[in-house]
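Q: Dropping the structure in here first, questions after.
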Amino acid sequence: MRKSLTVVLLSLIVFAGNCQTIRILFVGNSLTYTNNLPSLVEKEAKKRGFKLKTTSLAFPNYAIIDHWNDGELQKRIMSKNYDYVVVQQGPSSQAQGREMLIEDGAKLKKLCDKYDAKLAYFMVWPSQTYYHTFDGVIKNHRDAAMENDAILCPVGEAWRAYFEENEDYSLYGMDGFHPSPKGSRLAARVIVDTLFGDG
């Protein structure tokens, strides 16, 4: 009887936790707002019993430093309205992009820690033209997440695994860089898997 009661109580705790609204701020550029990725993340999480409320701060060609210089990002985090801040910039395979991921990410991590939000990097992918830079994209995102003790959502790795297994590049949209709806759906699954488990 006591064991059964314990199981019921644990189930209720898990259910209550899943019913709480989790608030996520997406920060990025067109790789985030194409196909409305935040909305796709909400839908994917809902399938798994999680209720999300997402907000997006995303503008064309923006990197982390651009958001930081605008100042709106800091205001959003300081509002303490977010549980997670999911940040994205371009492929960042070269030295300058790596530096921005790590150094500007460090500023963001410090601010997130101060205002009780968890920082997550949304790893993207290179364009088809620069597919040969994929290793650099992956390494720089992994290093940035490790150096800043942040969560890594390895979307780029999932894209490459899909390409290598299927020899199918339909995750890319018409321009060979932005995601197709299929590519954004895969990105949403990886983000939800990372933040909330792959169950």
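The values are calculated or read from the model by the stated rules, or taken from the named source; none is laboratory data. Note that the structure is a prediction, hence the values are computed from the model and not measured. Neighbour counts run over all protein chains shown; Cβ positions are idealised from the backbone, glycine included. Accessible surface is based on the protein model in full, side chains and every heavy atom, while ligands, DNA and RNA are left aside. Shrake-Rupley method; radii C 1.70, N 1.55, O 1.52, S 1.80 Å.
Q: Which pairs have Cβ atoms under 6 Å, sit 6 or more apart or on different chains, and link a residue in region 179-199 that is at pLDDT 95 or above to one that is open to solvent by 50 Å² or more (accessible area, probe 1.4 Å)?
A: Hits for this filter: Pro181/Asn35; Ser184/Asn35.
Q: Taking the conditions exactly as written (out of contact with any His (no Cβ under 9 Å at 6 or more places or on another chain), closer than 16 Å to Val86 by Cβ and either open to solvent by less than 10 Å² (accessible area, probe 1.4 Å) or part of a strand (DSSP E or B) (or both)), does Ala187 satisfy them or not? Quick ask: steps written out before the conclusion?
A: On the way: out of contact with any His (no Cβ under 9 Å at 6 or more places or on another chain): yes; closer than 16 Å to Val86 by Cβ: yes; either open to solvent by less than 10 Å² (accessible area, probe 1.4 Å) or part of a strand (DSSP E or B) (or both): yes.
Yes.
Q: Going by what's in this entry, would Ser39 be described as open to solvent by less than 40 Å² (accessible area, probe 1.4 Å) and among the hydroxyl-bearing types (Ser, Thr, Tyr)?
A: Working: open to solvent by less than 40 Å² (accessible area, probe 1.4 Å): yes; among the hydroxyl-bearing types (Ser, Thr, Tyr): yes.
Answer is yes for this residue.
Q: State which residue pairs qualify: first residue without any contact (Cβ under 8 Å) to a residue 24 or more places away in the chain and inside region 139-155, second residue of a type outside the set (Val, Ile, Thr) and open to solvent by less than 20 Å² (accessible area, probe 1.4 Å) in any location, beta carbons under 8 Å apart, and separation of 6 or more residues or different chains.
A: Filtered contacts from region 139-155: Arg142/Met123.
Q: Looking at region 114-161, which of its residues are part of a loop (DSSP other than H, G, I, E, B) and over 23 Å from Met78 (Cβ atoms)? Outline the logic, then answer.
A: Keep residues of region 114-161 that are part of a loop (DSSP other than H, G, I, E, B), which gives 115-117, 123-130, 148-150, 154.
Correct list: Met123, Val124, Trp125, Pro126, Ser127, Gln128, Thr129, Tyr130, Pro154.
Q: I would also like to ask the following. Scan region 43-62 for residues that are part of a helix (DSSP H, G or I) and either without any contact (Cβ under 8 Å) to a residue 12 or more places away in the chain or of a type outside the set (Lys, Arg) (or both) and report the count. Don't jump to the end; show me each part of the working.
A: Applying the first criterion (part of a helix (DSSP H, G or I)) to region 43-62 yields 43-47.
Still in the list and also either without any contact (Cβ under 8 Å) to a residue 12 or more places away in the chain or of a type outside the set (Lys, Arg) (or both): 44-47.
Number satisfying all stated conditions: 4.
Q: Please state which one of Lys114, Lys109 is at pLDDT 95 or above and within 19 Å of Thr194 (Cα to Cα).
A: Working: Lys114 fails: within 19 Å of Thr194 (Cα to Cα).
Criteria check complete, one pass: Lys109.
Q: Right, something else. Looking at the structure I just gave you, is Glu167 farther than 30 Å from Gln20 by Cβ and touching a helix residue (DSSP H, G or I) at 6+ places or on another chain (Cβ under 9 Å)?
A: Working: farther than 30 Å from Gln20 by Cβ: yes; touching a helix residue (DSSP H, G or I) at 6+ places or on another chain (Cβ under 9 Å): no.
In short, no.
Q: Would it be correct to say that Leu31 is in contact with a Ser or Thr (Cβ under 7 Å, 6 or more places away or on another chain) and touching a residue at least 24 places away in the same chain (Cβ under 8 Å)?
A: no
Q: Across region 63-94, what is the total count of residues that are within 20 Å of Pro154 (Cα to Cα) and either among the small types (Gly, Ala, Ser) or part of a loop (DSSP other than H, G, I, E, B) (or both)?
A: Filtering region 63-94 for residues within 20 Å of Pro154 (Cα to Cα) gives 63-64, 83-94.
Subsequent filtering for residues that are either among the small types (Gly, Ala, Ser) or part of a loop (DSSP other than H, G, I, E, B) (or both) retains 63, 83, 88-94.
Selection size over region 63-94: 9.
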